[in-house]
Amino acid sequence: MSKTVKALLTACALAAAAGAVSAQEQVVNLYSARHYSTDEALYTGFTKATGIKINRVDADDAGILARLKAEGTASPADVILLVDAARLYKGEVDGLFQPIQSKVLTDAIPANLRSMPAADGGIAWFGLSTRARVIVYNKVKVQKEDVDTYEELGDPKNKGKLCIRSGSHPYNLSLFGAVTEHMGEQKAEAWLKGMVGNLARAPKGGDTDQIKAVASGECDIAVTNSYYLARMMRSGKPEDVAVVNKVGVVFPNQQSWGTHLNIAGGAVAKNAKNRDNAIKFLEYLASAEAQNYFANGNNEWPAAKGLNIDNPALKAMTGNAPFKSETIPISAVGANVTKVQQMLDRVGFQ
Ligand code: FE
């Protein structure tokens, strides 16, 4: 081998090694519970804009929290995305996140949609999109007036009509935690008991299954996250169109405390090795462009202030008018969850 070729090869090897090192520095390791394929393009957009590569691990909320605990300080996770307020709260309480200071994030995300600040002002997690927990009903058999509050789900007038997924599912734990915050523990427990008495069948399935059960006549009233209904409204499948045509939707409690909003949100992992990149990624997700895509892609509303989205299903669902949503700090919901689970056990809500 000639000296020149040898020198060239060495230079190449060094360049390759340098490339590998800088590529290694420019990553963010993401644990995500977002089960929405539309997020994919957004992650690609972040990499294009910043050069930071995203390594993603998908699991559900509970799986991610368990994994973080098991991995401890060795965890490679930098950013955690979860799809429920109570789970975010639990991650915070279990010490799995590190509070961060970011003016970009605190300017963008309203105070009621993020964790309570730590003593030094750090925030453990931020809501990044919002979804309403709405009531759907059989338009022929049910009067809207009989289901336009959460309270009426437990009213004896709706006996034998209600379908709902397991009470212990995070979406319901968060809703019940919010209702407990609004009406107090005693009334909330009586309300849960009322709902058990109104069930058309034992809780089973996901939110979409409840909507379908109303359309099929198995029940007359159901509870769902707004995006599951929006997804069906935007579907061209004849079977989905048939379901949507049979059901009405109501945003509950417009005359009182407002409709319960849950969040999907993000946090920086306690042992993040790429902390700066993690903050950059969360800040990117709160930007107007990313918010529009992040929320709209899954038919949600942005969490960031002052943004309007142009989503035909959400417009149709709300009659193209703003609806009143609750304003309690979403972290209060998480704080009520243990209490709620005990109430569910007492009233026999599966
Ligand atoms: Fe979901």
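The values are calculated or read from the model by the stated rules, or taken from the named source; none is laboratory data. This one's a predicted model, so the numbers in the text were calculated from it and none came from an experiment. For neighbour counting, all protein chains shown are included, and Cβ atoms are generated from backbone atoms with ideal geometry for every residue, glycine included. The protein model used for the area step is the full one, side chains on, heavy atoms only, and it has no ligands, DNA or RNA in it. Shrake-Rupley method; radii C 1.70, N 1.55, O 1.52, S 1.80 Å.
Observations on the structure shown:
- The residue list A286, A215, A202 contains one member that is touching a Leu at 6+ places or on another chain (Cβ under 8 Å) and among the hydrophobic types (A, V, I, L, M, F, W, C), which is A286.
- Condition check for K270 on (1) more than 16 Å from the ligand (Cβ to nearest atom); (2) touching a strand residue (DSSP E or B) at 6+ places or on another chain (Cβ under 8 Å); (3) open to solvent by 30 Å² or more (accessible area, probe 1.4 Å); (4) assigned by TED's automatic domain parsing to the domain that holds D146: one failure, at (4).
- Scanning segment 67-88 for residues that are open to solvent by 40 Å² or more (accessible area, probe 1.4 Å) and within 18 Å of the chain's Cα centre (by Cα) yields a count of 1.
- Some residue of segment 40-57 being out of contact with any His (no Cβ under 7 Å at 6 or more places or on another chain) and within 16 Å of the ligand (Cβ to nearest atom): no
- Here the condition is being more than 30 Å from P203 (Cα to Cα) and open to solvent by less than 60 Å² (accessible area, probe 1.4 Å); of G127, G51, G91, it holds for G51 alone.
- Any hit, segment 287-299, residues being in the same structural domain as L81 (by TED's automatic domain parsing), touching a Phe, Trp or Tyr at 6+ places or on another chain (Cβ under 8 Å), open to solvent by less than 20 Å² (accessible area, probe 1.4 Å) and not small (G, A, S): yes
For every residue, the table says whether it meets (1) open to solvent by less than 50 Å² (accessible area, probe 1.4 Å); (2) assigned to a helix (DSSP H, G or I); (3) closer than 25 Å to G334 by Cβ; (4) within 16 Å of the ligand (Cβ to nearest atom).
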| residue | (1), (2), (3), (4) |
| --- | --- |
| R165 | yes, no, yes, yes |
| L175 | yes, yes, yes, yes |
| H182 | no, yes, yes, no |
| A188 | yes, yes, yes, no |
